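The values are calculated or read from the model by the stated rules, or taken from the named source; none is laboratory data. Quick caveat, the model's predicted, so the values are computed rather than measured. Cβ placement follows ideal geometry from the backbone for every residue including glycine, while neighbour counts extend to all protein chains displayed.
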Amino acid sequence: MRKIQDADLKDQKVLVRVDFNVPMTKTGEIEGDKRIRETLPTINYILEHGAKEIILMTHLGKPEGKFDASLSLWPIANRLAELLKIDIKFTKPQDEYKLNDRITLLENLRFDKGEEENAPGFANNLANKGSLYINDAFGTCHRGHASTEAVAKVLPAYAGLLVQREVEELQKLMATQEKPFTLILGGAKIADKLPTIKNLMSRADNFLIGGAIANTFLAARRHNMGKSLVEEDAFREANIIWQNLMDDSHKKLYLPKDLLLSLSSDKADGVEEVKISQLLNNAYEDYAALDIGPATIEEYRSVIKESQTIFWNGNMGLSDIKEFANGTYDIAQAIYESGAKAVIGGGDTVAAVESLNLQSDKVFLSTGGGATLEFLAGKQLPGLKVLE
């Protein structure tokens, strides 16, 4: 992988792909700026090495190739200016945000359909703005888009400091010999996580499953999950993984022992704490599972306590609602208390961890979600391959 340290930056106009796809409130306020902060070392490195200009580019949300004022980058430009101690203020959408005479942030790339289509014409328009390209957006490296792949074929291309660190941490995780190795997976999309489970099956010892993907595993085992989020098209693969792990005496798959149920799928309504054995009939068919229960939390904590290596992606429940946040927060606390070497990925999961203000030099918070999962699944990421 070609690295920024190998590039001659002096007097260059450096086009930098960053990942400022941060969580935003409905009123346009930034809820978490980790992805912006993590790119500062690369921005400062470029400035310190004499670049003439930095042109930053990112996407935000899913505007589907058309302008959407709610996804404009002016609030992000303001936050970046604050972090860089630049005295400037934007109040409305612009084609680009000139922070000073050396730093410019382009408007949301996904306002143009050419970005996601990996269109050569759009990539050439971007490339014409710079003389050298840096990818510092690990979270988008699994996307073969114009700003992550096509433009890197036009300009001399290098990996930024953040991308380098992400790759190094994940490579170390893949190569680890420190056992037990515990894989913790939650969140909503089991299809995104099954390849990771398969690829790490030979390396990991414990598999702790929570969130909506636990619903799919349980439903595949003939539990009545009522109105819970379940992916029926993943039943076959979930059962194959369950059987393979059950047949291996050196591996252990943990599914929830109990769950917190609600009559509503998006708020606390008639909350019930039930054992999994109670879901073998129709008694709770009007309920949705929104968090793991206390017995599950206790069991998962005990496994984490004995672990030496941990990877976690995906919340244990609907943690933005306080009644269903205990599973996620308690797992986070257990990881930090364990002293294990851990990598935690996924936007919602990292945001939940950061809200607890936990500190450990053994825990790496990845800026990647899908990119992290695909890397650990052994897939080739287009944004990295083009830097080889």
Unmet criterion (only one of (1) modelled with pLDDT under 95; (2) surrounded by fewer than 22 Cβ atoms within 10 Å (Cβ to Cβ); (3) not in a loop (DSSP other than H, G, I, E, B)) for F364: (1)
Hey, R110 in contact (Cβ under 8 Å) with a residue 40 or more places away in the chain, touching a His at 6+ places or on another chain (Cβ under 6 Å), surrounded by 14 or more Cβ atoms within 10 Å (Cβ to Cβ) and over 12 Å from R17 (Cα atoms) or not: yes
Residue check for S366: of a type in the set (S, T, Y) and in contact (Cβ under 8 Å) with a residue 12 or more places away in the chain: yes
Only one of L263, L279 that is over 21 Å from K193 (Cβ atoms), surrounded by 14 or more Cβ atoms within 10 Å (Cβ to Cβ), at pLDDT 95 or above and out of contact with any strand residue (DSSP E or B) (no Cβ under 6 Å at 6 or more places or on another chain): L263
Residue within region 69-85 that is touching a Pro at 6+ places or on another chain (Cβ under 8 Å), assigned to a loop (DSSP other than H, G, I, E, B), under 30 Å from K251 (Cα atoms) and touching a residue at least 24 places away in the same chain (Cβ under 8 Å) present: no
Members of region 303-324 found to be over 24 Å from Q177 (Cβ atoms) and either surrounded by fewer than 19 Cβ atoms within 10 Å (Cβ to Cβ) or over 19 Å from the mean Cα position of the chain (by Cα) (or both), listed by number: D320, I321, K322, E323, F324
Cross-chain or 6+ apart pairs with Cβ under 8 Å, region 292-309 first and assigned to a helix (DSSP H, G or I), then of a type in the set (A, V, I, L, M, F, W, C) and surrounded by fewer than 17 Cβ atoms within 10 Å (Cβ to Cβ): none
Number of the condition not met by E285 [criteria: (1) modelled with pLDDT of 95 or more; (2) surrounded by fewer than 15 Cβ atoms within 10 Å (Cβ to Cβ)]: (1)
Lone qualifier among A119, A152, A157, A123 - being out of contact with any Lys or Arg (no Cβ under 6 Å at 6 or more places or on another chain), surrounded by 20 or more Cβ atoms within 10 Å (Cβ to Cβ) and without any contact (Cβ under 8 Å) to a residue 60 or more places away in the chain: A123
Test: residue in region 223-236 that is more than 24 Å from P180 (Cβ to Cβ) and of a type in the set (S, T, Y): yes
Evaluation of L255 against (1) within 25 Å of E273 (Cα to Cα); (2) at pLDDT below 95; (3) of a type in the set (A, V, I, L, M) (one fails), failing number: (2)
Positions within region 6-64 being of a type in the set (D, E, K, R), within 20 Å of R143 (Cβ to Cβ) and either crowded, with 21+ Cβ neighbours inside 10 Å or in contact with a Lys or Arg (Cβ under 9 Å, 6 or more places away or on another chain) (or both), in sequence order: R17, D19, R35, E38, K62, E64
